[in-house]
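Report on the structure given below.
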Amino acid sequence: MLKRPFILAILVGLAVAPAFGQQKKQPAEEQTPAPAAVEKPAPYDTRLMRLAEILGSVHYLRNLCGGGEAEWREMMQELLAEDTANEPQRAARLTAAFNRGYRAFAATYVKCNPQAIAAEEAYRAEGATLATEITARFGN
């Protein structure tokens with residue numbers, strides 16, 4: 001379930017901010033396939049996907065315009081850790097949304113200009129609104 005403190009951290013960030021260990025393999029005859037985990041989409045997944053896309057967009061735009069901040073990527077990593085534990089398919093979809101947001105602006109803006117700054121501000125505002133809505137409706 002969605003963690004309220006984490007979404008609140010994203011909200012504050014959007015509103016305020018101008019190798020895994022290896023497992024020992026069993027012998028072939030003893031290996032049993034793990035049961036496939038059934039991932040149920042959360043009721044807020046569509047909004048969360050959009051929030052991930054916004055985080056990717058803001059991450060690119062802030063770096064382009066001299067922000068040089070890793071906080072947006074770190075927020076995405078926290079989101080993945082908090083909301084997709086043991087759900088690799090959901091984590092992959094959220095990561096793809098983040099990357100899609102990043103690449104969309106990388107294909108549009110190669111240097112900082114007034115339009116890039118305006119887009120970053122608009123996306124931060126949309127992200128703050130989304131975080132507020134998700135927290136209000138689905139937060140613990």
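Being small (G, A, S) and modelled with pLDDT of 95 or more is a property that A131 lacks.
Looking for something assigned to a helix (DSSP H, G or I) and modelled with pLDDT of 95 or more - is there at least one such residue anywhere in the stretch 78-96? Yes, the conditions are met somewhere in the stretch 78-96.
Report yes if A17 is touching an Asp or Glu at 6+ places or on another chain (Cβ under 9 Å), modelled with pLDDT under 60 and under 30 Å from P114 (Cβ atoms), otherwise no. Yes: the conditions hold for A17.
The conditions are (1) closer than 21 Å to T129 by Cα; (2) surrounded by 16 or more Cβ atoms within 10 Å (Cβ to Cβ); (3) of a type in the set (D, E), and E74 fails exactly one of them. Which is it? Unmet condition: (2).
Restricted to the stretch 82-98, and to residues there that are in contact with a helix residue (DSSP H, G or I) (Cβ under 6 Å, 6 or more places away or on another chain) and closer than 14 Å to G56 by Cβ, the residue that is surrounded by the most Cβ atoms within 10 Å (Cβ to Cβ) is F98.
Residue-level check: of (1) at pLDDT below 65; (2) closer than 20 Å to E120 by Cβ; (3) assigned to a helix (DSSP H, G or I), L8 misses just (2).
The values are calculated or read from the model by the stated rules, or taken from the named source; none is laboratory data. A quick note: this is a predicted structure, and the numbers were derived from the prediction, not measured. Here Cβ is always computed from backbone atoms with ideal geometry, including for glycine, and neighbour counts include all displayed protein chains.
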